[in-house]
């Protein structure tokens with residue numbers, strides 16, 4: 001994915017998270033995702049969006065960008081917002 005595509009996907013997620021008044025809160029890194037609530041997962045996804053936007057424009061942060069995008073998408077899927085097929089389509093070129 002190009003940096004522009006990644007940022008456009010993140011903007012789509014941020015818009016939805018903001019519309020639903022989801023705060024930006026980092027999950028304690030010593031917890032498992034299984035131990036979190038849906039609200040906590042969504043808040044963590046929103047928290048990670050800023051980092052992805054920042055990392056996407058830095059070629060040296062490509063791996064970190066992908067890792068954070070994956071974590072966001074997993075949180076959104078585990079929260080029941082998107083199917084795997086939806087997420088795959090989000091990542092495809094326009």
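Nothing in this text is a laboratory measurement; each read-out follows from the coordinates by a stated rule. Since we're looking at a predicted model, the values are computed, not measured. With ideal geometry, Cβ positions are generated from the backbone for all residues, glycine too; neighbour counts draw on all protein chains shown.
A few points about this structure:
- Helix 62-78 axis, angle to the chain major axis (alpha carbon atoms, nearest 10°): 40 degrees
- If the chain linking residue 74 and residue 11 were pulled fully straight, counting 0.36 nm for each residue of separation and taking away their Cα-Cα distance, it would gain 21.0 nm.
- Rounded if a/c under 1.5, otherwise prolate or oblate - region 17-94, Cα gyration tensor axes: oblate
- Contact order relative to length of the chain, as percent, for alpha carbon pairs under 8 angstrom and 6 or more apart: 33 percent
- Burial ranking of peptide ranges 10-17, 45-52 (average Cβ count within 10 Å, highest at the top): 45-52, 10-17
- Helix 38-56 vs. the chain, principal-axis angle (Cα, 0 to 90°, nearest 10): 20 degrees
- Computed helical MRE - 222 nm, the chain, DSSP H runs ≥ 4 contributing -39500 (n - 2.57), nearest 500: -21500 deg cm²/dmol
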